[in-house]
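**Student:** Quick one: the structure is below, and I'll ask about it shortly.
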Amino acid sequence: MGKVYLTGAGPGEEGLLTIKGMELLKECDCVIYDRLASEGLLRYARKGCEKIYVGKEAGHHYRKQEEINEILVECAQKYTTVVRLKGGDPFVFGRGGEEAQTLQRHQIPFEVVPGVSSAIAVPECAGIPVTHRRVSRSFHVITGHTDNSLEDTEYNYKALAELEGTLIFLMGFSRLGLIASKLIEAGKDRDTPVAVIADGTTEFQRIARGTLCSIEEEVIKSKLSPPAVIVIGETASFQFQGNQGRKRIGVTATEPLQKKLKAAFGREGIEAVPVFTMKIKKTAQMERLRQELDRIEQYQWVLFTSQNAVSLFFEEMKTKEMDIRRLGKLKFAVLGSGTAEKLKEYGILADFVPSCYQVSVMAHEFATVVKREEKVLMPRAVQASTELEKILEENGISFCNLAIYDVEGRPGTQKMDLEGIEYLVFVSASGVQSFFEEVKKQGICLPEGIKTACIGKVTSRKLKQLYRPANIVAGVNNVNGLAEAVLEYIKNGR
C-alpha cells in the first residue's frame, strides 16, 4: 500500500508551488492533477511517473468526484508515492476533505501538503489586499459550487450583504450577474466596488473593475473567462501594484525558451507573456537517425544548430540503450551558447563554436575546420536554414542532413489575447508560421503600432513573407542575443 499526498498546487503561477510540493513531484510514482493545477508543474515529475488528468470544468466534468476517489484508491494500491495535485489549497473548496475521507475509509496512508489559496493570492497579485485596517478588517470566502447553491432561492444573501469586510467568491463566474443582483436586493450598496480577476497570478491575468450594478457589463466588455475570482468590497477598488505601466512582450517559443526570455525581460521590469507555445514534433526522419546511430563510427562530426536537436539525439541514444562510449572519437559542433550548454548537460563540451552565432558564419568557419575526408551528421529542424547545407556543399564537405523534428504551436489561451502587448518576439520560422495561421483562423487584427523581433535571418524572412519586415533582428542568433536586441531597442526609445 502506497501513500497519497493531497498537495496544493497554488493559484496558477508555477513559482507559487511550495518547495515541499515540488520535491514530492520529483519523487512520486504517479501524479493525479486537475484543470486548475498548472500543467507546467508536471515537468518536475520524474521520468516514468504516470500522469493522470482528472480536470473538471463548470458545466462539463471530465471526471466525477466519485471517479476521482476511486482513482486515488487504485493508484495507492499500485504505487508507493502518489501526489494528488489540486489547484490552490486542497482544503479550500477543493473537495480535499472528501478525498481524505475516502483514503481514511480504505485505511490508505495520506498527508496534506498545504498550498497557496487563490482566494488570497489572486487578489494580491491584482493589487487588492483582502483586508485593510481602515476599510476591511475581515474577509469571507464563498464558493459558487455547494450543495446549497447560490441559485437557490433560500440562499441567505441577506447574511452575506450584512457582513463587514471583503467578500471573495470562488467558482462563481457564471453566476456573477445573479450574485450582484441578489446582494443589491439584500441591501448591499449598489455602488460597492467589485473586481473580477481571470487567470490570476499568471501571465494571462486580466481584470475587470466596476460596482455591483456595473460589473457584469464590464466583464462582458473585457471578454473575461473562467477561472476567475470575484472580489466585492471597498478593497476591490485598490490597485497596489509596483509594476503598473510596465511593458508587455508577447513570446512565441517552446516552454524552455519562454522561461529564458521571461527571466531575461523580467530582470528589466518587462513582462514576457507566452501568447503562443510551440511543441516539438518528431518526424519520420527519426527512423533514419536510428539507422545512422547504428553506424555512428562512420562519422567524425555531429553538428547541432539547436537545443532541441541535442535533446532528441541523446534521448534516442537512451531509447536504443546505446553506450555513450561509442561517441568517443566524435567531435561536436554547435551554433550558439545555449546549444553548447545543452550539450554540456550530457557531459560533452563542444569542439567547435563559431565566433558569431549566425548560420552563415558558422558554415564558413566550420568549413575551414572540417577535413575533406571527414563526414558530418546534422540532426536538425524541418524549417532549418538551407544556407548551412549550401555552403558545406560548395566546400566539398560530406554530410548527412536529417530533419528529425518540426514544431507546432497552440495559443496560450483558447482565444489569443494580444491586449496591451507592445512587442511580439519570435524564435523560429515555424513559430512565425504557426502564429499567423492562428491569427488568421481566429480573425485577429494585430494591435496598431505593435513591434516585432526575430532571432535571426531565417525567422525574419518568414515574418516578412507573412506580415511585414521585423523591427528587430538579433545579430547574435540565440535567446540571450534576442533579448539583448529587444532591450537595446527599447532603451533607445524606438
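The values are calculated or read from the model by the stated rules, or taken from the named source; none is laboratory data. Just so it is clear, the structure is predicted and the values come from calculations on it, not from any experiment. Note that each Cβ is placed from the backbone with ideal geometry, even for glycine, and that neighbours are counted across all protein chains shown. Heavy atoms of the whole protein, side chains included, go into the accessibility calculation; ligands, DNA and RNA do not. Shrake-Rupley method; radii C 1.70, N 1.55, O 1.52, S 1.80 Å.
**Student:** Mean residue ellipticity at 222 nm from the helices of the chain, using -39,500 (n - 2.57) per DSSP H segment of n ≥ 4 over the full residue count, to the nearest 500 deg cm²/dmol?
**Tutor:** That calculation yields -10000 deg cm²/dmol at 222 nm.
**Student:** Another question, if that's okay. Which order do Cys125, Cys445, Cys28 take by accessible area at a 1.4 Å probe, largest first?
**Tutor:** Greatest to least solvent exposure: Cys445, Cys125, Cys28.
**Student:** On full extension of the chain, what length is gained from Ser181 through Phe204, given 0.36 nm per residue of separation minus the C-alpha to C-alpha distance?
**Tutor:** Full-extension gain reported as 5.4 nm.
**Student:** Determine, from the Cβ-Cβ distance of Arg288 and Arg267 and an R0 of 45 Å, the FRET efficiency 1/(1 + (r/R0)^6), rounded to the nearest 0.05. Intermediate values should be presented prior to the final figure.
**Tutor:** Values: r = 42 Å, r/R0 = 0.93.
That gives a FRET efficiency of 0.60.
**Student:** Quick check: net charge around Ala363, other residues with Cβ under 13 Å of its Cβ, Lys/Arg +1 and Asp/Glu -1?
**Tutor:** -2
**Student:** Quick check: Cα centre of region 362-403 to Cα centre of region 434-491, how many Å?
**Tutor:** Region 362-403 and region 434-491 have Cα centres separated by 27 Å.
**Student:** Could I ask something else about it? Is there a quick way to get the dipole size of the chain? I mean about its Cα centre, with the Cβ of Lys and Arg at +1 and of Asp and Glu at -1; what is the value in debye to the nearest 20?
**Tutor:** Approximately 1180 debye in magnitude.
**Student:** So if each residue of separation counts as 0.36 nm, and I subtract the Cα-Cα distance between His132 and Thr368, what length gain in nm does that give?
**Tutor:** 78.1 nm
**Student:** What accessible area per residue comes out for the chain, rounded to a whole number of Å², with a 1.4 Å probe?
**Tutor:** On the way: 24000 Å² over 494 residues.
On a per-residue basis, 49 Å².
**Student:** Can you pull out the GluC sites (Glu not before Pro) in region 191-269 that DSSP calls coil and that have at most 14 other Cβ atoms within 10 Å?
**Tutor:** For GluC sites (Glu not before Pro) across region 191-269 that sit outside H, G, I, E and B with at most 14 neighbouring Cβ atoms in 10 Å, the list reads Glu268.
**Student:** Another question, then. With Cα Rg over 2.2 N^0.38 Å in mind, check [x] 0.95; [y] 1.19; [z] 1.14 and report the label derived from this structure.
**Tutor:** Computing Cα Rg over 2.2 N^0.38 Å and matching it to [x] 0.95; [y] 1.19; [z] 1.14 gives [z].
**Student:** With a 1.4 Å probe and all protein chains left in place, how much of the accessible area of the chain comes from carbon and sulfur atoms, in whole percent?
**Tutor:** With neighbouring chains kept in place, the figure for the chain is 47 percent.
**Student:** For a test of the definition: using alpha carbon positions, the gyration tensor, and the 1.5 limit on a/c, classify region 368-414 as rounded, prolate or oblate.
**Tutor:** Prolate is the answer for region 368-414, as a/c is 1.5 or above and a/b outweighs b/c.
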